[in-house]
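One structure is given here, and the rest of the page talks about it.
The values are calculated or read from the model by the stated rules, or taken from the named source; none is laboratory data. All of these numbers come straight from a predicted model, not from anything done at the bench. So basically every Cβ, Gly included, is an ideal-geometry build from the backbone, and we count neighbours across all protein chains shown.
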Amino acid sequence: MKTRLWIVAAAATGIMTLAGCAGGPNQQLGTAGGAVGGALVGNAIGGNTAATVGGAAVGGLIGNQVGRSADERNQQRYYPQNSYYPNNGPRY
């Protein structure tokens, strides 16, 4: 049981390290949360290391895409395409 916990912790740490390369804050949080959740679900379903790592990978990918979608929505909402200053700059 102790070995399994270390494996899950190492997998989650590795995926969170890779999440640092992601785009926005929601994308990073989604990747990290999805990886941890996926690892837990994979371990519960499969009960072995391969299932845990596979669950972390799939969960990280899904969480990454959900977070990316939220970042894109926020970008469009708060920073319109045709304005140089995002709602707080001078109006010429």
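Worth a mention:
- Only one of Val58, Val53 that is in contact with a helix residue (DSSP H, G or I) (Cβ under 8 Å, 6 or more places away or on another chain), under 24 Å from Glu72 (Cβ atoms) and modelled with pLDDT of 75 or more: Val58
- Scan of segment 11-28 for residues that are out of contact with any helix residue (DSSP H, G or I) (no Cβ under 6 Å at 6 or more places or on another chain) and at pLDDT 75 or above, ordered by number: Pro25
- Some residue of segment 24-43 being under 20 Å from Ala9 (Cβ atoms), polar (S, T, N, Q) and in contact (Cβ under 8 Å) with a residue 40 or more places away in the chain: no
- Filter result for the condition that a residue is modelled with pLDDT of 90 or more, of a type outside the set (S, T, N, Q), exposed (fewer than 13 other Cβ atoms within 10 Å of the Cβ) and within 21 Å of the chain's Cα centre (by Cα), over Ala32, Ala44: Ala44
- Candidate set: segment 44-56, residues that are hydrophobic (A, V, I, L, M, F, W, C) and touching a Gly at 6+ places or on another chain (Cβ under 7 Å); chosen: the one nearest to Val8 (Cα to Cα): Ala56
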